[in-house]
1. In this structure, does Glu22 turn out to be open to solvent by 70 Å² or more (accessible area, probe 1.4 Å) and at pLDDT below 90?
2. When you scan region 133-143, how many residues do you find that are at pLDDT 90 or above and in contact with a Ser or Thr (Cβ under 9 Å, 6 or more places away or on another chain)?
3. Of all strands (runs of 3 or more DSSP E) completely enclosed by region 103-175, which ones contain at least 1 residues that are under 20 Å from Met1 (Cβ atoms)?
4. Working only within region 1-31, note down all residues that are within 12 Å of the ligand (Cβ to nearest atom) and farther than 17 Å from Ile195 by Cβ.
5. Is it the case that region 191-201 has a residue that's modelled with pLDDT of 75 or more, open to solvent by less than 30 Å² (accessible area, probe 1.4 Å) and farther than 18 Å from Ala25 by Cα?
6. Pairs, please: C-beta under 7 Å, at least 6 apart or cross-chain, first residue modelled with pLDDT of 90 or more and in region 145-171, second open to solvent by 20 Å² or more (accessible area, probe 1.4 Å) and basic (Lys, Arg)?
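The values are calculated or read from the model by the stated rules, or taken from the named source; none is laboratory data. These figures come from a predicted structure and were not determined experimentally. Methodologically, a virtual Cβ is constructed for each residue, glycine included, from the backbone with ideal geometry; neighbour enumeration extends over all protein chains shown. Ligands, DNA and RNA are excluded from the accessible area calculation, which covers all protein heavy atoms including side chains. Shrake-Rupley method; radii C 1.70, N 1.55, O 1.52, S 1.80 Å.
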Amino acid sequence: MNIRHHFDDATLMAYAAGTLPEGMALLVACHLHWCPACRDRVKHAEAVGGALLDSIEPKSMSANALDDILSRLDDEQPTVDVSPTQSVILPKDVPAPLHSYINTSLDNLPWKRLGYGVHHIDLNLGSKGTTRLLKIAPGVSVPHHTHSGNELTLILRGSYSDEIGRFSAGDVADLDGEIHHQPIVDTDQDCICLIATDSPLKFSGLMGRLVQPFIGL
Ligand SMILES: [Zn+2]
């Protein structure tokens, strides 16, 4: 798997601190399943966070405490394990953390049709934002939109391009409200993504505003 797009540091720090909503944490875990580079970044973030917590003593934090902590990191081996442990054989486009939620292959899911070449599955992970799988037909252009919060996307199958670049299996798009984009799915196959948001999207074009009530994104 040739992964070219990764998470922001802020997203991985929030994951390491356990402060992401469930859907976003699931999505990060799925990318980590495939991405050794981001697994290393999370281990480092957790080691720094743990060492900082260990060293907090009221009124006794020395001026060079951070130096002490950072020098200790070289000796400590954080015990983070996000590698797969189960013995079932997974479809190659379903990372283990996601499989425990859907328990089947992407092709066997009960996809619901939204129209415009888009199907979806809502994972129903609580009230803070949405977590869903989207299956978008080859060549389809998603209406131009911006984000009022954060949106994480993990490509499971296929690929798309937008103003940022080309995204294919294993890649993540880590977007905040400043991004204004219009993804277009490549023409060779469906693009299936896991998408987690912490607030609704804002569509900007006329078509987008017409479509939004039907898609419910
Ligand atoms: Zn990565």
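1. Considered against the rule, which asks whether it is open to solvent by 70 Å² or more (accessible area, probe 1.4 Å) and at pLDDT below 90, Glu22 comes out as no.
2. So the count comes out to 3.
3. Fully inside region 103-175 and qualifying: 131-136, 151-157, 159-161, 166-168, 172-175.
4. Met1, Asn2, Ile3, Arg4, Asp9, Leu12
5. yes
6. Matching pairs, first to second residue: Ser159/Arg166; Ala169/Arg157; Asp171/Arg4.
One line per residue, one yes/no per condition, for (1) surrounded by 13 or more Cβ atoms within 10 Å (Cβ to Cβ); (2) at pLDDT below 90:
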residue	(1), (2)
Trp111	yes, no
His120	yes, no
Gly126	no, yes
Leu175	yes, yes
Asp188	no, no
